[in-house]
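I have placed the structure first, in the form of structure tokens, so that the comments after it can refer back to it.
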Amino acid sequence: MEDRATAHWAHHTRRIREQFGMPKLHWPPSSPDLNLIEKVWFILKDKLNKCHTRLQGLAGMGEAIKQEWKGISGAHLLIFVDSMPERIQAVIGASGGHTRW
């Protein structure tokens, strides 16, 4: 998806897209409203911030991330997926701008 971010129009990225015949899909600039992974990252960060133990180095943080990632339920993720029609309509209504999502 193309949202005018530098990484999306870099020479290397364009070459890969052309090599594999990947179409360029336009995306509203500066609009994370439809990117569900952003919501998942928020949940993960929130869970990590609520940990009461101090994380010991990179390995400790990696283990904590894995543990918390496993704790995110599929049912929780389906809430985000099920909200997509409403999210899409909100972005269209905002002409690609930010919404309450």
Checklist outcome for this item: Inside region 65-101, the number of residues satisfying the requirement of being within 19 Å of Leu34 (Cα to Cα), assigned to a loop (DSSP other than H, G, I, E, B) and not hydroxyl-bearing (Ser, Thr, Tyr) is 6
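For region 4-27, name all the residues that are in a loop (DSSP other than H, G, I, E, B) and either modelled with pLDDT of 65 or more or in the same structural domain as Gly96 (by TED's automatic domain parsing) (or both). Quick ask: steps written out before the conclusion?
Pass one, region 4-27, residues in a loop (DSSP other than H, G, I, E, B): 4-5, 10, 20-25, 27.
Scanning region 4-27 gives Ala5, Ala10, Phe20, Gly21, Met22, Pro23, Lys24, Leu25, Trp27.
The values are calculated or read from the model by the stated rules, or taken from the named source; none is laboratory data. Everything numeric in this text was worked out from a predicted model, so none of it was measured.
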